[in-house]
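This report concerns only the one structure given below.
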Amino acid sequence: MAVRERLSGNEAVAYAIKQINPDVMPAFPITPSTEIPQYVANYIANGDIDTEFIHVESEHSAMSATIGASAAGARAVTATSSCGMALMWEELYVAASNRLPIVLALVNRALSGPININADHSDSMGARDSGWIQIYAESNQEVYDNYIQAFPIAENEAVHLPVMVCQDGFITSHGVENIMLVEDDKVKEFVGEYTPKHYLLNADEKLAVGPYAVSNYYMETKRGQRQAMINAKKVILEAAEKFEKMTGRRYGFFEEYKMDDADYAVVIIGSAAGTCKAAVDHIRNTAKKKVGLIKIRVFRPFPEEEIACALANVKAVAIMDRSEMFAASGGPLGAEVRAAMYQAHCKAEAVNYFYGLGGRDITVSDFERVYENLEKMAETHIAVGMYDYIGLRG
């Protein structure tokens, strides 16, 4: 039987690490992810797991050590947030190009400046083109489930890419929720043993990791990474199907909430989806209008065709970004979704909004106004407030 518990998102990730018992965890503390290596260090000190914990002097060193451990053939993990990820930047690309199946727990936090320790997606979205698979969670339950699923995805021979499992800082990382934990033996069976075919400590094989690539080889490496990202789509769904059989909890590239008959839709990532769901329920129950929500779970690889199909019958859609891109095409999610709609000749009106930057609250009434704007857009075919900041003061 599954175990009912009350855990924060950070505790949930640490507990999953305890169940998986990886070989190596290098880490350096940074708010709001500090608790994850802290809990894991306690598990190690108490003899609950035999993971090798490496104390390093910076986040750059943390990812460097994780890369070294993974290249040597170990199952290696780490955790970070915000400026810690920024300090890892060089190594993120190294991990992906070396095709190392590292799993990173990223607790999303705004990047400086000005200095801010609260949730937005500027850290992970800044790394969206680094070659990492990105999976996002709405709740503590989802971050726990996503973390467990990350290992068979990353380590699949057709993929062999690093995965960052993202959750919103403080909102889920420190907020305590009821959660259903999978039994230890089932987690171990689901994840399996990591037995790489190629690794540096294999005495029978000569191997170079991270060599210099001249022009004759570099492009082929990038094409190989792209193919791995394409392959990951199938593997992600296979892992989700297997996970559903084990737990009854269903996952895909995204969640469709009351989209079967929706005329107006919001597309969003992360914890704010829960607030939007409340707005959807309220509007449907009171105003009797057909509104719905698509909550993106997998941002890399981006499910372009699937998103366009899900939006095929709506009249208007609002794409909500929790990070700024300062581009003419709006935010990261807005650019991706609108490109997918264009490619599929989707006729829905589309608008891109920014919300929640630096942890700014977004409320049910905010979402209700978004849906009102979508209804006007569908009638007038004029975008209402493209690239507006929801809840901006003054």
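Every number here is computed from the coordinates shown, using simple stated rules; none is lab data. Everything numeric here is computed off the predicted structure, so don't read it as measured data. As a convention, Cβ positions derive from the backbone with ideal geometry for all residues, glycine included, and neighbour counts pool all protein chains shown.
Give a quick list of trypsin sites (Lys or Arg not before Pro) in the stretch 138-232 that DSSP marks as loop, anything other than H, G, I, E or B, with at most 16 other Cβ atoms within 10 Å.
Qualifying residues, ordered by number: K197, K206.
With Kirkwood's inverse mean 1/r over C-alpha pairs for Rh, give me the Rg to Rh ratio of the stretch 254-380, two decimals please.
With Rg and the Kirkwood Rh in hand, the quotient comes to 0.93.
Output ³J(HN,Hα) for the stretch 369-377: one whole-Hz value per residue in order, computed from phi by the Karplus curve 6.51 cos²θ - 1.76 cosθ + 1.60 with θ = phi - 60°, and x for Gly and Pro.
Each residue of the stretch 369-377 in turn: 5, 4, 5, 4, 4, 5, 5, 5, 4 Hz.
Given H placed on each backbone N at 1.01 Å, which residues far from N352 in sequence or on other chains put an amide H within less than 5 Å of it?
Residues meeting the amide H criterion: I319, Y387.
With respect to the cross-link table entries K197/K242; K245/K277; K18/K233; K233/K376, which display a Cα-Cα separation exceeding 32 Å?
In this structure, K233/K376 lie more than 32 Å apart at Cα.
Can you tell me the order of 20-26, 303-309 when each peptide is scored by its average per-residue count of other Cβ atoms within 10 angstrom, highest first?
20-26, 303-309
When a/c is below 1.5 the answer is rounded, else prolate if a/b is larger than b/c, else oblate, so apply that to the stretch 336-390 with a ≥ b ≥ c taken from the square roots of the Cα gyration tensor eigenvalues.
Oblate.
Given N residues in the chain, what is Rg(Cα) / (2.2 N^0.38 Å)?
The chain yields a ratio of 0.98.
Suppose only helical runs count, i.e. DSSP H with n ≥ 4. What mean residue ellipticity at 222 nm does that imply for the chain under -39500 (n - 2.57) per run, divided by all residues and rounded to the nearest 500 deg cm²/dmol?
Rounded to the nearest 500, the figure is -13000 deg cm²/dmol.
So what is the relative contact order of the stretch 3-247, in percent, for Cα pairs below 8 Å that sit 6 or more residues apart?
Averaging sequence separation for qualifying contacts and normalising by length gives 24 percent for the stretch 3-247.
In the chain, which longest range has no chymotrypsin sites (Phe, Trp or Tyr not before Pro) that are both DSSP loop (not H, G, I, E or B) and surrounded by at most 15 other Cβ atoms within 10 Å?
It works out to 1-211.
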